[in-house]
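A short worksheet on the structure shown next.
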Amino acid sequence: MDCNIILDLIPLYIDECCSEQSAAIVKEHINTCEECRAVYESMNTSSQIEAPVLPAKTPQRVNYWKASVLQSVLLFSSFAAITLGVALEAASPLGLFNGIWAFNLVIPATGFLLRSQTGTL
């Protein structure tokens, strides 16, 4: 059998994912071919290396709680800015500066509220 075919089958043979016929052919070839046996032995020993054990992650509940409190404070501030902007806009006389409170307080606070509802805070 061609060594290139056996070299393609060796990883399947090691993982026991090939058919019984293919496994028998690979085993027979490995017993007779020194080069393929060396490849098999190097692949077989390297696959038995254990992966390092990673430490367990700590829970993130405190961080989620802090983010929730921060979002609540920011949303309350936005509502306060909208309320203040509407009140100042209603109290301002008509003239050159009419609408300045809406542009400076109401519109940015409304945009913040809409953005925070999409989860991109």
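What follows is calculated from the coordinates using simple rules that are stated; it is not laboratory data. Not measured: the values here are computed from a predicted model. Neighbour counts run over all protein chains shown; Cβ positions are idealised from the backbone, glycine included.
For this structure, a couple of remarks:
- Annotation: amide H-H contacts under 5 Å for residue 33 (H modelled 1.01 Å from N, sequence separation of 5 or more, or interchain): none.
- If R0 is taken as 25 Å, the Cβ-Cβ distance between residue 107 and residue 70 corresponds to a FRET efficiency of 0.65.
- Computed extension length for residue 54-residue 80: 4.7 nm, one decimal, from 0.36 nm per residue of separation with the Cα-Cα distance subtracted.
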